[in-house]
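Just so you know, all these numbers are worked out from the coordinates, no wet-lab data involved. No experiment lies behind these values; they were computed from the predicted model shown. Here the Cβ is made from the backbone with ideal geometry for all residues, glycine too, and neighbour counts use every protein chain on show.
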Amino acid sequence: MVERSHVSANPAGTGGGQGATTLTLQRHWEEAEVLPVEGADAPGHGGGDERLLADLFGETLDDTLGRPAGSAAGAWALITGVAANRSFATGVPVATSGLVPSLSSGQ
């Protein structure tokens with residue numbers, strides 16, 4: 001899956017990087033096939049960026065499912081990404097507890 005979009009705090013969504021989301025299926029020994037993606041017309045992350053940016057920089061939108069994440073969840077998401085990138089670079093697993101020990105110990 002390739003998503004070509006960007007995150008913009010500008011409500012108009014202006015700026016570089018806009019494009020389509022595609023899914024390329026590559027079966028062994030066959031030609032690659034580009035498949036349509038349902039909902040691909042929604043801007044960045046299926047429209048989630050609008051909700052996130054409004055929550056961070058504007059008015060909070062109603063969340064009828066009660067699923068807003070706090071700053072701690074955001075920190076864990078960031079740490080998970082850092083661990084994944086280090087793992088990709090080194091080829092070995094990276095424990096999140098080793099990146100920020102104070103978070104793991106509950107301090």
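The slack in the chain from THR80 to ALA95, taken as 0.36 nm per residue of separation less the alpha-carbon distance, amounts to 4.5 nm.
Modelled this way, with points 7 Å down the Cα-to-C-beta line, the labels at GLU30 and GLU59 are 5.0 nm from one another.
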